[in-house]
Each structure stands twice: as structure tokens, then as C-alpha cells.
Amino acid sequence: MARGYFGATTVGIKCSNGVVLASERRMSYGGYILSKRIKKVFKITDKLAVAFAGLFADMQALARFLKAEVKFYELTASKPMNVKSVAKILSIILYSQKYMPYLSETLVGGIDNEGSHLFILDPLGSVIEDVYAAIGTGAPIAIGIIESLYKKEIDLDDGKKLAYRAVKAAIERDAASGDGIDLVSISEKGIFEEFKPLA
């Protein structure tokens with residue numbers, strides 16, 4: 001599947017005390033910028049979020065499906081779902097559409113009783129757990145920044161700075177990315193969302 005479908009730059013970084021997800025806000029199609037206000041990071045629970053690169057309608061649909069599935073589980077089981085299980089549910093949703101796949105790449109980040117986790121999913125539902133990731137058309141640039149500066153015990157504050165720096169570097173070189181950066185940090189205290197315009 002052509003990477004041109006996944007216009008965006010979205011990154012995830014696992015930290016010692018949580019997870020950071022970040023993405024820029026541009027929505028483009030071919031050579032046109034359709035919007036400069038598209039949010040690509042979605043809160044699912046108080047300690048879990050997903051971030052996407054791809055078609056915006058597919059991002060919205062997947063976020064809604066996932067939020068409903070997780071809410072249903074939590075109501076019936078009377079306990080929160082762990083991050084790995086959320087990633088597996090999303091994997092099943094994606095694989096069920098393998099003949100007409102959602103045109104999106106996904107990061108699932110969150111914190112549970114086993115610590116912080118970051119999962120990467122492709123459009124067919126393959127699941128990989130890692131400590132950092134970048135998806136979308138700007139991924140090759142963003143991952144280079146992260147790989148050169150990532151440290152195993154990075155904390156949330158430094159993780160946010162690194163995520164911002166990686167997405168900003170990609171925006172400067174990728175025409176499909178731009179218009180500010182959404183940063184979402186997830187810790188034991190919950191989810192903190194912020195928007196940073198480009199300096």
C-alpha cells in the first residue's frame with residue numbers, strides 16, 4: 001500500500017513515567033491543503049490515547065469504534081482494560097477489514113498496572129510494541145531525530161520536548177505535514193493535552 005495515503009507526521013515515545021503522543025494538524029490531499037485544524041490524537045480513556053496518520057474519516061471511525069469497545073468492556077467487567085488488550089481489540093477491528101482496509105497507521109499509548117506501553121499497528125492489524133515510533137509521510141525524518149536523542153529513562157517532560165522536536169523537523173521537510181503540533185502526555189495522573197503553534 002502506498003505510503004502517500006498516510007499524509008501526516010505522528011510520533012509516540014514511551015517514557016519512564018508515561019507515554020507521549022504527538023501529531024501535526026494538516027490534512028492534505030494530493031497537492032492541496034484541505035484543512036489546518038485536524039486533530040489526529042484521540043483520548044480513549046483517562047490513561048490511554050490513540051494517534052493516527054492516514055485518512056481523517058478512517059481515523060475518526062476507528063477512534064469511535066475503539067472508544068465504544070473499551071467503554072463496553074469497562075462497564076461489563078467493572079475494571080479498566082490494559083493497554084495491550086486495547087491494542088489487540090483494535091488489531092481485530094483492522095484485520096476484519098483486510099479486504100477493504102482502513103487507510104491509516106495507528107499508535108496506541110497508555111499506562112496501566114504493568115507500566116507504560118506504546119503499540120504500533122499497520123492497516124491490517126499487525127501489532128508491535130516498542131519504546132518509540134513514527135508514522136506517516138514525515139516518519140523517516142521524525143524517527144531520525146528520536147533515534148539520535150532518545151534515552152531509556154527519559155521522563156515525560158523530556159519526552160514531550162523530543163516529540164515536539166521530531167514532528168517540527170518533519171514539518172519543515174514534508175509538505176503533507178504542518179500547522180502546529182498536538183502533544184498528549186499520559187501518566188498516572190491522567191491525560192494532559194496541549195497544542196503548540198510552530199515557533
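Within the stretch 71-78, identify whether any single residue is under 22 Å from ALA134 (Cβ atoms) and assigned to a helix (DSSP H, G or I), and answer yes or no. Working first, answer last.
Initially, the stretch 71-78 is screened for residues under 22 Å from ALA134 (Cβ atoms), giving none.
Checked the stretch 71-78: no residue is under 22 Å from ALA134 (Cβ atoms) and assigned to a helix (DSSP H, G or I).
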Worksheet item: If you check ILE143 against the conditions, is it touching a strand residue (DSSP E or B) at 6+ places or on another chain (Cβ under 6 Å), open to solvent by 40 Å² or more (accessible area, probe 1.4 Å) and closer than 12 Å to VAL11 by Cα?
Response: yes
Item to complete: Please give the number of the condition ALA134 fails out of (1) surrounded by fewer than 17 Cβ atoms within 10 Å (Cβ to Cβ); (2) more than 20 Å from ASN17 (Cβ to Cβ).
Response: (1)
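Just checking, how many residues over the stretch 34-43 are touching a residue at least 60 places away in the same chain (Cβ under 8 Å) and either under 13 Å from the mean Cα position of the chain (by Cα) or part of a strand (DSSP E or B) (or both)? I'd like the intermediate steps shown before the answer.
As a first pass, look at the stretch 34-43 and keep what is touching a residue at least 60 places away in the same chain (Cβ under 8 Å): 36-37, 39-41, 43.
Narrowing further to those that are either under 13 Å from the mean Cα position of the chain (by Cα) or part of a strand (DSSP E or B) (or both): 39-41, 43.
Counting residues in the stretch 34-43 that are touching a residue at least 60 places away in the same chain (Cβ under 8 Å) and either under 13 Å from the mean Cα position of the chain (by Cα) or part of a strand (DSSP E or B) (or both) gives 4.
With the requirement that a residue be buried (at least 19 other Cβ atoms within 10 Å of the Cβ) and more than 22 Å from SER187 (Cα to Cα), what does the stretch 61-97 give you? Reasoning before the result, please.
Step one: filter the stretch 61-97 for residues buried (at least 19 other Cβ atoms within 10 Å of the Cβ), giving 62-63, 66, 70, 81, 83, 86-87, 90-91, 94.
Listed by number, the residues that qualify are LEU62, SER91, LEU94.
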Worksheet, complete the sentence: Heads up, the strands (runs of 3 or more DSSP E) in the stretch 80-199 (entirely inside) with at least 1 residues that are on the phi > 0 side of the Ramachandran plot and without any contact (Cβ under 8 Å) to a residue 12 or more places away in the chain are 115-121
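The values are calculated or read from the model by the stated rules, or taken from the named source; none is laboratory data. This one's a predicted model, so the numbers in the text were calculated from it and none came from an experiment. Heads up, the Cβs are rebuilt from the backbone with ideal geometry, glycines too, and the neighbour counts pull from every protein chain shown. Calculation scope for accessible area: heavy atoms of the full protein, side chains included, ligands and nucleic acids excluded. Shrake-Rupley method; radii C 1.70, N 1.55, O 1.52, S 1.80 Å.
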